[in-house]
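Engineer: Take this structure, written in structure tokens, and hold onto it; I'll ask about it next.
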Amino acid sequence: MNFISKSIINGSFIIFLLIAFHISIAQRPGSYNAIYSGVPWLDDKGNVVSAHGANIVKDNGRYYLFGEAHTDTSNAFVGFNCYSSPDLYNWKFERIALPVQASGKLGPNRVGERPKVMKCPKTGEYIMYMHVDTLGYIDQFVGYATSKTITGPYVFKGPLLFNGKPVKKWDMGTFQDKDGTGYVLLHGGDIYKLSDDYKSVSEQVNKAMTSGFESPAIFRKDSIYYFLGSHLTSWEKNDNYYYTATSLKGPWTSRGLFAPEGTLTWNSQTTFVLPIEGSKETTYLFMGDRWSFPKQASAATYVWQPLIVSGTSLSIPKFREAWKINTSTGVALPSTIGKKTIENTDNRFITYSGNWQHESDSTSVSSSDEKGASLSVKFRGTQIGLYGLSGPTGGYARINLKNTKGKMVLSSLVDMYTKYPLVSLQFLSPFVPKGNYTLTVSVTGEHGNWSDKRKNVYGSTGNLVSLDKIFIND
Ligand code: DGJ
């Protein structure tokens, strides 16, 4: 599906700077009024929300997000974060719910991934499950931790046991059925039923139906279970796929892809599906990770989209850069970001520094891969966003927003790499008080790479950042 080819200019990448027209009352810095996919989110303290491989639990009317904290330098476990939100838009950092242990299986230089929390109906305890491993992924098992309160601190208890033995697989997920029974899901399709206290496995209810199928997630609508997962492509995205069944014991029927072929699940990997049950309907929120190895803490983002669920059909037919959810009614609503454009040659607003190439073919483009090259935009407004056509030679861009006193309002790192060219929202500031600001976009001269056990190198092959159009609002 060649959805963007007309926009590709000789491998250059187009960045549209979008300054949204803010029509409602200005909001304090750090607040959002919709779910924005594919952009770094800032929490209540102005830090990037770092919660990957996550799940969400609704507890006493509030949403709690648990995810991998990460750093920008290695894949070593640095803790699982907990955030909370009243609306799924604005996240408050609660705490590191499970920190790195002083030693042992979740100690320094280990791997901890895909935390999933469930409240045990019988005991009222909150149980966190996770994939525990070595940095080389050769000591894999499902671990668990417990806490009396949802935000933690969680106490690591070691491996989850089935017949006295650890469940030794990699990617895992969880599912809590309507009757309160808890399940742990493993890649390939293994499903284990948990004991009443959620602290061990009582039965294996399904054996793997395939060899791949990482990042497993299950949700249920009426009498149908939907089992989502991905192919095995390390930190690269792929076209995720799903199965359906009317029993967790199967038989599971393969149903193919749920996002358009070639979008690589809108450049994300499944982690969880959250049913948002309201007075009018239930919206099934697909939660995907847009990894950005190695800068997972700063640049990895989230693809959260409403699923269309109809019988055994599951789909995300289009990518909604912005959308709203009414958590009372359960109704998903469209949202917009902004409309007007200003050409990159408009020097009333843009100042370039360093070596930029200005092309003037069918779509004029200003581009640079020179470390330290930058552009700055002076504007008056309340929110600024950055549209990017990322692609195979995209690199990291540093984005800073300062006020007229030169104070840093926010700083964000954006990864312009995707396996195929894709125009999408790459950065969006929270709403800030209406005023005069300067946005600076700098070429970092870095890009993301990783390798597999056979030392094949994957990821970007360049550091390119480009500008085509600017949106400005007075
Ligand atoms: C894919 C998995 O889904 C992730 O959780 C992580 O383990 C990466 N592989 C590591 O390459």
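Engineer: Specify the residue that is modelled with the highest pLDDT; the eligible residues are those in region 51-74 that are assigned to a loop (DSSP other than H, G, I, E, B) and buried (at least 24 other Cβ atoms within 10 Å of the Cβ).
Structural biologist: The initial filter retains those residues of region 51-74 that are assigned to a loop (DSSP other than H, G, I, E, B), namely 51, 60-61, 69-74.
From what's left, buried (at least 24 other Cβ atoms within 10 Å of the Cβ): 51, 70.
Working: Ala51: 98, His70: 94.
That would be Ala51.
Engineer: Oh, and also: Among the candidates Leu386, Leu413, Leu401, Leu425, which residue alone is over 23 Å from Arg320 (Cβ atoms), within 18 Å of the chain's Cα centre (by Cα) and part of a strand (DSSP E or B)?
Structural biologist: It is Leu413.
Engineer: Look through Gly385, Gly395, Gly391, Gly381 and report the one residue that is at pLDDT 90 or above and either among the small types (Gly, Ala, Ser) or touching a His at 6+ places or on another chain (Cβ under 8 Å) (or both).
Structural biologist: Exactly one residue qualifies, and that residue is Gly395.
Engineer: Also, quick follow-up: Of all residues in region 436-451, which are within 16 Å of the ligand (Cβ to nearest atom) and either of a type in the set (D, E, K, R) or in a strand (DSSP E or B) (or both)?
Structural biologist: Asn449, Trp450, Ser451
Engineer: Yes or no: region 252-266 includes at least one residue that is within 16 Å of the ligand (Cβ to nearest atom), touching a residue at least 24 places away in the same chain (Cβ under 8 Å) and not aliphatic (A, V, I, L, M).
Structural biologist: Within region 252-266, one or more residues are within 16 Å of the ligand (Cβ to nearest atom), touching a residue at least 24 places away in the same chain (Cβ under 8 Å) and not aliphatic (A, V, I, L, M).
Engineer: Filter region 196-221 down to the residues that are in a loop (DSSP other than H, G, I, E, B) and within 16 Å of the ligand (Cβ to nearest atom), then identify the one that is nearest to Leu314 (Cα to Cα).
Structural biologist: Let us first name the residues in region 196-221 that are in a loop (DSSP other than H, G, I, E, B), namely 196-200, 207-213.
Filter once more, so that each one left must be within 16 Å of the ligand (Cβ to nearest atom): 208, 210-213.
Working: Ala208: 21, Thr210: 20, Ser211: 22, Gly212: 20, Phe213: 17 Å.
If we take residues in region 196-221 being in a loop (DSSP other than H, G, I, E, B) and within 16 Å of the ligand (Cβ to nearest atom), then Phe213 is nearest to Leu314 (Cα to Cα).
Engineer: Moving on. Are any residues in region 303-319 within 21 Å of Trp291 (Cα to Cα) and crowded, with 19+ Cβ neighbours inside 10 Å, and if so, which ones?
Structural biologist: Within region 303-319, Val303, Trp304, Gln305, Leu307, Ile316, Phe319 meet the criteria.
Engineer: Pick from Gly406, Gly462, Gly445: which is without any contact (Cβ under 8 Å) to a residue 24 or more places away in the chain and either surrounded by fewer than 22 Cβ atoms within 10 Å (Cβ to Cβ) or of a type in the set (Val, Ile, Thr) (or both)?
Structural biologist: Numbers: Gly462 fails: without any contact (Cβ under 8 Å) to a residue 24 or more places away in the chain; Gly445 fails: without any contact (Cβ under 8 Å) to a residue 24 or more places away in the chain.
After applying the criteria, what remains is Gly406.
Engineer: Another question about this same structure. Check off (1) away from the ligand (no atom under 16 Å from the Cβ); (2) in a strand (DSSP E or B) for Tyr129 and give me the number that stays unchecked.
Structural biologist: Among (1) away from the ligand (no atom under 16 Å from the Cβ); (2) in a strand (DSSP E or B), Tyr129 violates only (1).
Engineer: Might you let me know whether region 179-189 holds any residue that is farther than 26 Å from Ala97 by Cβ, touching a residue at least 12 places away in the same chain (Cβ under 8 Å), within 14 Å of the ligand (Cβ to nearest atom) and not charged (D, E, K, R)? Walk me through it before giving the result.
Structural biologist: Restricting attention to region 179-189, the residues satisfying the condition of being farther than 26 Å from Ala97 by Cβ are 179, 188-189.
Going one step further and asking which of them are touching a residue at least 12 places away in the same chain (Cβ under 8 Å), we end up with 188-189.
Filter again for within 14 Å of the ligand (Cβ to nearest atom), leaving 188.
Add one more test, that the residue is not charged (D, E, K, R), and what stays is 188.
Yes: one or more hits.
Engineer: Kindly establish whether Lys193 is more than 26 Å from Val303 (Cβ to Cβ) and without any contact (Cβ under 8 Å) to a residue 60 or more places away in the chain.
Structural biologist: Spelling it out, Lys193 is indeed more than 26 Å from Val303 (Cβ to Cβ) and without any contact (Cβ under 8 Å) to a residue 60 or more places away in the chain.
Engineer: If Met172 passes every condition in (1) within 22 Å of the chain's Cα centre (by Cα); (2) surrounded by fewer than 23 Cβ atoms within 10 Å (Cβ to Cβ) but one, which one does it miss?
Structural biologist: (2)
Engineer: Can you tell me which of (1) in a loop (DSSP other than H, G, I, E, B); (2) closer than 30 Å to Asn75 by Cβ; (3) more than 15 Å from the chain's Cα centre (by Cα) is the one Leu307 doesn't meet?
Structural biologist: If we test Leu307 against (1) in a loop (DSSP other than H, G, I, E, B); (2) closer than 30 Å to Asn75 by Cβ; (3) more than 15 Å from the chain's Cα centre (by Cα), just (1) comes out false.
Engineer: Let me ask something else. Please verify whether region 97-107 includes one or more residues that are buried (at least 24 other Cβ atoms within 10 Å of the Cβ) and either modelled with pLDDT of 95 or more or over 17 Å from the mean Cα position of the chain (by Cα) (or both).
Structural biologist: Among the residues of region 97-107, at least one is buried (at least 24 other Cβ atoms within 10 Å of the Cβ) and either modelled with pLDDT of 95 or more or over 17 Å from the mean Cα position of the chain (by Cα) (or both), which makes the answer yes.
Engineer: Same structure, new question: Could you tell me how many of the residues in region 132-155 are assigned to a strand (DSSP E or B) and surrounded by 15 or more Cβ atoms within 10 Å (Cβ to Cβ)? Walk me through it before giving the result.
Structural biologist: Applying the first criterion (assigned to a strand (DSSP E or B)) to region 132-155 yields 132-134, 141-147, 155.
Okay, now just the ones that are also surrounded by 15 or more Cβ atoms within 10 Å (Cβ to Cβ), so 132-133, 141-147.
Selection size over region 132-155: 9.
Engineer: For residues that are among the charged types (D, E, K, R) and more than 13 Å from the ligand (Cβ to nearest atom), scanning just region 106-126, find the one that is farthest from Tyr154 (Cα to Cα).
Structural biologist: In this case the residue turns out to be Lys122.
Engineer: With (1) at pLDDT 95 or above; (2) more than 16 Å from the ligand (Cβ to nearest atom) as the list, and Phe77 as the residue in question, which single condition is left unmet?
Structural biologist: All conditions are met except number (2).
Engineer: Right, something else. Mind checking which pairs have a first residue in region 47-64 that is closer than 19 Å to Phe77 by Cα and assigned by TED's automatic domain parsing to the domain that holds Phe77 and a second that is away from the ligand (no atom under 16 Å from the Cβ) and part of a loop (DSSP other than H, G, I, E, B), Cβ under 6 Å, 6 or more apart or different chains?
Structural biologist: The qualifying pairs are Val48/Pro40; Val48/Ser298; Val49/Trp41; Val49/Asp43; Val49/Trp91.
The values are calculated or read from the model by the stated rules, or taken from the named source; none is laboratory data. Not measured: the values here are computed from a predicted model. Here the Cβ is made from the backbone with ideal geometry for all residues, glycine too, and neighbour counts use every protein chain on show.
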